[in-house]
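Beneath this line is the structure, given in structure tokens, with notes to follow.
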Amino acid sequence: MKYRVRLDLSFDAEADAQSLMNYAKVLASKAVSLNEGTANEEISFCDLEICRHDEGLPCEKLERVEVRKAAL
Ligand SMILES: [Zn+2]
């Protein structure tokens, strides 16, 4: 059993988004992924994106951090 947090927050200020990303990255060091390498794996991750959906354009990924035991 694990305790899991899912969140998706968009900010006006880049600094707020970077602040949350930085905090999440620190805590990610204590996070785990489930069933890694199997068909039902659930990889813990943090994504930082520029969201342009308010302009009718897609999101653009800036950074992704995944919690994995071994680099794949
Ligand atoms: Zn978007």
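The values are calculated or read from the model by the stated rules, or taken from the named source; none is laboratory data. This one's a predicted model, so the numbers in the text were calculated from it and none came from an experiment. Backbone-built Cβ (ideal geometry, glycine too); neighbour counts: all protein chains shown. Areas reflect the complete protein model, heavy atoms only, side chains present, ligands, DNA and RNA absent. Shrake-Rupley method; radii C 1.70, N 1.55, O 1.52, S 1.80 Å.
Observations
- The accessible surface of the chain, taken with every protein chain in place and a 1.4 Å probe, is 53 percent carbon and sulfur.
- Each residue of the range 12-21 is assigned a 3J(HN,Hα), and the resulting list reads 6, 9, 4, 4, 5, 5, 5, 4, 5, 4 Hz, derived from the Karplus form 6.51 cos²θ - 1.76 cosθ + 1.60 (θ = phi - 60°), x at Gly and Pro.
- Relative contact order [Cα under 8 Å, 6+ residues apart], the range 30-72, whole percent: 37
- Per-residue ellipticity at 222 nm, computed for the chain from helices alone with -39500 (n - 2.57) per DSSP H run of at least four residues, works out to -7000 deg cm²/dmol.
- Along the chain, the longest continuous region that contains none of the trypsin sites (Lys or Arg not before Pro) in a DSSP loop with at most 16 other C-beta atoms within 10 Å is 7-29.
- Estimated vicinal HN-Hα couplings, Hz - the range 25-40 in sequence order (Karplus 6.51, -1.76, 1.60; Gly, Pro = x): 5, 5, 5, 4, 5, 9, 7, 10, 9, 9, 6, 4, x, 10, 5, 9
- Taking chymotrypsin sites (Phe, Trp or Tyr not before Pro) across the chain, the ones in a DSSP loop with at most 11 further Cβ atoms lying within 10 angstrom of their Cβ are Tyr3.
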